[in-house]
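Shown next, in structure tokens, is the structure this report addresses.
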Amino acid sequence: MGCLVTWRLKQSLLAERRRAEERLREESRITGILHEVGTSLAAELDTHKVSQIVIDAATRATGAAFGAFVYNVVDDRGEAYRLSTLSGAPIEAFSTLGLPGDTPIIGPTFAGGDPVRLADVTADPRYGQMEPHRGLPPGHRPLRSYLAVPVRSRTGEVLGGLFLGHPEVGVFDENDERTVIGIATHAALAFDHARLYESEHLARTAAEAAGARLALLSDATRALTSSLELEVVLGELARLVTPAIADLCLIELVEPDGSLCRAASATAPALGDGALGLERLRSRPGDAPDPALEALRSGRIQVVSDGSLGAVVVPLAGRREPLGVLWLVTDTAPGNESDPDTLTFAEELARRASIAVENARLFARQRSVSETLQQSLLPERLPDIPGLSTAARYLPGGPDVDVGGDWYDVMQLPGGGIGLALGDVVGRGERAAALMGQLRNAVRAYAFEGQPPAEVVEGINGLLLDAGSEHMATMLYGVLDAESGELRLVNAGHPPPLLVAAEGGGRFLEGASGPPVGALPTARYVEHRTILAPGETLLFYSDGLVEDRSTPLGDGLARLRETAAGAPRDLDGFCSHVLRRTIGATACDDDVALLAVQVTALGSELHLQVPSQPGVLAPLRATMRRWLAQAGASDLEAYELLTACGEACTNAIRHASGPLRSDFEVDAAVVDGAVEIVVRDRGSWRQPRGDVGGRGLPIIEAYVDELDVRPGAAGTEVRMRRRLTLDREAVR
């Protein structure tokens with residue numbers, strides 16, 4: 001008996017030892033599994049990969065036929081949904097079944113309850129209680145053994161659940177449950193780390209995106225304010241936006257008739273034919289209006305999508321009326337265009353674009369008014385003065401430059417001289433153009449009074465000082481005696497005129513220069529005298545020709561002198577050459593005015609068309625005197641012929657009547673050694689009244705050899721002929 005007891009005791013101890021060893025081996029196995037899982041999860045920060053590692057380990061450790069890790073996800077818009085990762089079965093096996101719902105058996109796991117282990121799920125009273133299937137849905141793999149363990153974070157939040165199944169009964173035991181609980185603990189830690197990383201990554205990505213948007217807004221603002229030419233600024237904006245935030249950027253502006261016209265667009269190469277995609281977005285189903293027109297009508301952002309393309313259409317709102325729309329089209333996943341950050345950015349971009357559009361249009365209107373005003377105040381054409389060749393150019397600044405106050409003028413003065421003027425009013429826009437007109441008219445008024453150049457400029461100086469301290473201008477004014485070539489010139493703070501010799505060399509007339517007019521009340525101006533020989537070219541110009549932001553005045557003057565030396569001698573070609581070589585095809589920073597003058601020899605025949613005004617007689621006599629001297633007339637002959645011609649011209653002005661008395665003609669030629677002069681008017685002569693007049697024809701007869709007066713319905717023609725003396729010494 002003692003031996004039997006001893007043997008049984010030993011057997012019991014051996015069995016207990018084997019059970020202890022078995023428990024130890026199981027514990028070691030579980031520990032090994034958990035260690036392996038923990039090691040695998042330690043370096044993984046992607047939630048999907050974490051879930052796959054976890055469910056693969058749980059399925060393998062428990063011997064389950066299949067397993068699923070169903071976990072909760074919150075996207076970057078704060079919306080929650082569930083995802084699942086499968087193990088032991090292909091995704092196709094459950095693709096038609098959807099995610100498990102909160103049934104009486106599954107629900108407690110999603111609620112964070114205790115683990116659920118069922119030897120036969122079909123025998124559980126909770127099985128089959130839910131509509132519509134009342135059990136496993138059609139197509140589900142056979143399931144009898146069931147094990148579910150919730151995955152909870154350290155804060156108690158339910159992150160999801162591990163669900164394991166097997167078609168046989170009683171597959172899962174207590175050790176399997178403990179193993180899965182351990183795996184769930186590791187999964188919770190890994191999920192916490194992965195979600196924290198993803199949260200930080202999303203925050204960092206959002207911050208980077210916000211920074212990129214701010215940088216893009218800054219670049220867009222610079223582009224929108226870098227120019228006042230509408231096509232330029234909108235084109236640059238479209239290129240900046242594409243492909244930074246959109247695959248297609250289109251800006252449409254409202255036309256006067258209410259239609260929309262494309263103002264600028266840019267398309268990313270990846271989008272292909274953006275026009276086709278845009279057409280699809282415009283063609284909305286049913287009676288839905290064009291999103292651009294709807295955005296204009298409602299004043300609100302329109303978000304549209306056709307499944308492959310999405311677009312945000314933002315209205316461009318002006319202060320008084322809609323301006324147009326901004327399209328931002330992407331081929332990303334549908335719904336991204338509705339992102340609040342995207343909409344906010346699009347609204348801000350549209351607001352800045354609207355300001356730029358209004359500023360550009362306002363500037364264009366102001367510039368148009370200024371140009372119209374300035375062109376109306378400049379001479380329509382330069383006077384035709386025999387023996388004097390003139391040409392002028394006015395070139396407004398570039399599209400972003402407001403019209404300035406550059407001007408020029410050529411005047412046939414009553415005393416016979418020729419007034420030459422060019423100036424530049426300080427300031428821009430309508431005010432400068434209006435002041436330019438006042439200045440030009442004032443110069444004409446002082447000049448026609450017969451005042452010398454210095455007094456004319458001093459009068460202008462006083463006029464501007466009386467008008468206000470903000471009015472100031474630089475100017476050149478001179479009087480040219482075409483007969484002698486003498487030029488009396490005054491410079492009021494203006495770049496010096498350039499005198500180009502017939503053979504090509506040039507020099508600047510850098511005589512005494514006074515301050516700009518309107519600058520100093522005590523300013524005094526002196527005349528600089530020079531001789532303008534036949535064939536020489538005198539060039540007046542404004543500072544926009546020789547000075548800009550990148551070119552010092554000295555370099556600009558040197559370039560002008562070199563350019564003018566190689567220019568053609570005819571004045572139209574001369575001016576075009578100078579502008580082309582000094583400014584080129586690019587838009588300049590300032591207005592440019594040119595006035596070129598040459599004294600030319602009179603031809604063998606003279607033809608003058610003269611306004612019917614008493615003030616034209618003095619310049620007419622000066623021109624005739626030059627021509628008679630060139631024809632070989634003596635001083636006495638010239639005096640007598642000028643007297644006779646003057647009487648005929650006076651009759652043409654005083655006695656001709658009728659609706660067509662705007663001007664008369666004077667022709668002169670040397671025929672067979674005799675001077676023939678013909679004066680034609682366009683009216684019928686009145687008979688002398690009383691003792692007034694009537695002595696013109698006798699005076700003419702006294703100084704010419706032949707006189708023929710031919711009145712007619714179209715006007716009166718006076719023909720005079722005087723043979724020139726061949727023996728000049730006898731005349732003396």
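The values are calculated or read from the model by the stated rules, or taken from the named source; none is laboratory data. None of the values given here were measured: they were computed from a predicted structure. With ideal geometry, Cβ positions are generated from the backbone for all residues, glycine too; neighbour counts draw on all protein chains shown. Only protein heavy atoms, including side chains, enter the accessible area calculation; ligands, DNA and RNA are left aside. Shrake-Rupley method; radii C 1.70, N 1.55, O 1.52, S 1.80 Å.
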Checklist entry - So what is the orientation-averaged projected area of the stretch 468-606, using the convex hull of its C-alpha atoms, in nm²? => result 10.2
Item to check | Inter-probe distance in nm under a simple model that places probes 7 Å from Cα toward Cβ, at Ala713 and Arg126 | outcome: 12.4
Checklist outcome for this item: Other residues with Cβ under 11 Å from the Cβ of Gln52 give, with Lys and Arg +1 and Asp and Glu -1, a net charge of -2
Checklist outcome for this item: Mean Cβ-within-10 Å packing, highest first, puts peptides 557-564, 389-396 in the order 389-396, 557-564
Next on the checklist: At 0.36 nm per residue, and after removing the present C-alpha to C-alpha distance, how many nm does the segment from Arg529 to Ala42 gain when stretched out fully?
Outcome noted: 165.6 nm
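Against the empirical 2.2 N^0.38 Å scaling, what ratio does the C-alpha Rg of the stretch 137-191 come to?
Ratio of Cα Rg to 2.2 N^0.38 Å: 1.29.
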Next on the checklist: Please report the net charge: other residues with Cβ closer than 15 Å to the Cβ of Pro534, K and R +1, D and E -1.
Outcome noted: -4
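Out of all Cα-Cα pairs in the stretch 592-649, roughly what percent, to the nearest whole number, are more than 12 Å apart?
For the stretch 592-649, the share of Cα pairs beyond 12 Å comes to 71 percent.
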Item to check | Accessible area expressed per residue, the stretch 480-546, with surrounding protein chains retained (probe 1.4 Å, Å²) | outcome: 38
Next on the checklist: Less than 18 Å from a label point 7 Å out along the Cα-to-Cβ axis of Ala669: which backbone N atoms in the stretch 593-615 qualify, by residue?
Outcome noted: 602-609
Item to check | Using θ = phi - 60° and Karplus 6.51 cos²θ - 1.76 cosθ + 1.60, couplings along the stretch 636-643 (whole Hz; Gly, Pro as x) | outcome: 5, 4, 4, 4, 5, 5, 5, 5
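Just order 711-721, 256-266 by mean Cβ neighbour count inside 10 Å, highest at the front, would you? Walk me through the intermediate numbers first.
Working: 711-721: 16.7, 256-266: 13.5.
Output ranking for 711-721, 256-266: 711-721, 256-266.
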Next on the checklist: Tell me the per residue accessible area of the stretch 99-185 using a 1.4 Å probe; a whole number in Å² is fine.
Outcome noted: 49
Checklist entry - Considering amide H positions built from the backbone, and no H for Pro or chain starts, which residues 5 or more places from Arg682, or on another chain, come under 5 Å of its amide H? => result Thr716
Item to check | Projected label distance in nm at Asp102 and Arg319, using a 7 Å step from Cα toward the beta-carbon | outcome: 5.7
Checklist entry - Relative contact order, percent, of the stretch 415-497 when contacts are C-alpha pairs under 8 Å separated by at least 6 residues? => result 40
Next on the checklist: If you average the alpha carbon positions of the stretch 587-654 and of the stretch 144-205, how far apart do those two centres end up, in angstrom?
Outcome noted: 110
